[in-house]
Amino acid sequence: MQRSKPTMRDVCSLAGVSAMTVSRVLTKPEKVSPHTREKVLRAIEQLGYVPDDNAGSLSSKRSKFVALILPTLTNSNFADTAQGLAEVLEPHGYRPLIGYSSYSMEREEVLIRAMLARRPDAIVLVGGIHSKAATVMLHQSGIPVVEIWDMPRDPIDVAIGYSNVEAGRLAGQYLVSLGHTKIAALGPREDGPNRDFRGEQRIAGFTAALREARLSTELITRNSTPPISFTEGANDMRDLLARAPDVEAVFVVSDLPAIGALMECARQGRRVPDEISIIGFGNFEVGTQSYPALTTVSVDAQQIGRRTGEYLLGLFELGPTESARTIDLGFELRVRESTAPARR
C-alpha cells in the first residue's frame, strides 16, 4: 500500500536545478525565468511531487485527519457519506477535512495537491476517474487512497461502492419488464469542464438494457451540465415532452432532477404513472415524500462512508489486512408510486 513519495531532491534532479530554484518556483514564481519555471513545473507534474507543509514534524507522526473530496456539498447523499465517515473516524481521534470539486477534474486536481500538502493520513475521493496529473499525485502520495461511489476496473488502492453501469442497467430492465416500449432517459452532458462520470456510466448501463431488449435509444438525452438538480430535470422533461409527447417511461440520472421532471409533468397535466412512469437514482429522502412517491435505484450513502471509515481504521491500526481492491456494497430497486405497467 505504501509507496515511495517523491521529494524536492527528485524534482531538482529531473529539472536540473537547485533546491533554491524549486523553492522559488513554488513560493515566488515571478522571480524565476519562464523557461526555468516551466522545467520545474513539468518535473513536479511528472513526478507527482507535492510540497510538504509539515516538513518539520516527525515523519512517523500522524496528522489525524482524512481528506475527503466530494463533487458537491449541496447533495444530501454526499452529506450522508461524510457523516458516516466522520461517525466512524471521530471516536478514534481522526477528522475528515472536506473539499468539493464542482464536478471539475481541474478543480479536483487543485484540491488533491492542496490536501496532500497537509499530509493527511488518507485521501477519499468520489469516483474513479481523475486527471492524469491527479492520478500521478495519488499514486505517489505514499498514503491510502480510497475511491468511493464507484467501482473502477483498476482502483489506485481500493474502491468502495457499486457499479454505476449495472445500476443504470437495472433501471432499464425494470422499465422494460413493465411492458414499456417508448422509453427515454435524462442524463448529463458528456463534454465541457464539469463531468458527472458516474451519471454517464448509469446512462450507459441504461442504454445497454434498451438495446438488449431491442428497443430504440433515440430518446436518451444528455443535455444538462452537472451538478444536475430540480431545475435541469424540469427543463429536460419539458423538452422531452415537446419532442416525444407519447413517451411512456423515463429514467432520470438522479432523484433530484427526477423530482423536477415529476413536477413538470404535473404542470403539463401529464399523470404519473398513468401516462408516464418515472424512475430515479439515489433514494433521496425527497423522493419518499413526493407525490407520487418516486421509484428509484437505492444505494446506502451513509453505509459507503461508514465502510470507508472502517477500512481506513483497520489500515491505521492493524496495517493492510484485506486483499480485495474493490468492496462492492451493491444497490437495490425501490418500487414506489411513480412507475406502473404499460397501458395499451
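Read-outs throughout are calculated quantities, based only on the coordinates presented, and are distinct from any laboratory measurement. No experiment lies behind these values; they were computed from the predicted model shown. Cβ coordinates were reconstructed from backbone atoms using ideal geometry, including for glycine residues, and neighbour counts include every protein chain displayed.
Computed quantities for the displayed model
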| item | result |
| --- | --- |
| Ranking of Val124, Val252, Val145 by count of other Cβ atoms within 10 Å, fewest first | Val145, Val124, Val252 |
| Sorted peptide list for 5-13, 42-50, criterion being average Cβ within 10 angstrom, highest first | 42-50, 5-13 |
| Length gained when the stretch Ala213-Ser102 is fully extended (0.36 nm per residue, less Cα-Cα span) | 36.4 nm |
| Too-long pairs where the Cα-Cα distance tops 24 Å, listed order kept, from Lys5/Lys64; Lys39/Lys132; Lys28/Lys132; Lys5/Lys39 | Lys28/Lys132 |
| Ranking of Glu38, Glu108, Glu317, Glu248 by count of other Cβ atoms within 10 Å, fewest first | Glu317, Glu38, Glu248, Glu108 |
| Prolate/oblate/rounded label for the range 164-298 (Cα gyration tensor, a/c 1.5) | rounded |
| Positive minus negative residues near Glu30 (Lys, Arg vs Asp, Glu; Cβ under 11 Å) | +4 |
| Compactness of the range 225-344 - radius of gyration and Dmax, Cα, Å | 18.5, 61 |
| Sorted peptide list for 169-176, 230-237, 85-92, criterion being average Cβ within 10 angstrom, highest first | 169-176, 230-237, 85-92 |
| Cα-projected label distance for Arg222 with Arg238, points at 7 Å along beta-carbon direction, nm | 2.4 |
| The range 164-298, relative contact order [Cα under 8 Å, separation at least 6], % | 25 |
| Rounded FRET efficiency, nearest 0.05, which uses the C-beta distance separating Lys132 from Thr27 and R0 of 22 Å | 0.30 |
| Helix-only mean residue ellipticity at 222 nm for the chain, each DSSP H run of n ≥ 4 adding -39500 (n - 2.57), per residue, nearest 500 | -13500 deg cm²/dmol |
| FRET efficiency, Thr231 to Arg336 (Cβ-Cβ, R0 30 Å, nearest 0.05) | 0.85 |
| Order of Glu109, Glu30 - criterion: other Cβ atoms within 10 Å of each residue's Cβ, fewest first | Glu30, Glu109 |
| Kirkwood-type radius of the range 1-49, with distances r between different C-alpha atoms, in Å | 10.8 |
| Highest-fluctuation residue, Leu313, Leu215, Leu26 considered, GNM on the chain with Cα pairs under 10 Å | Leu26 |
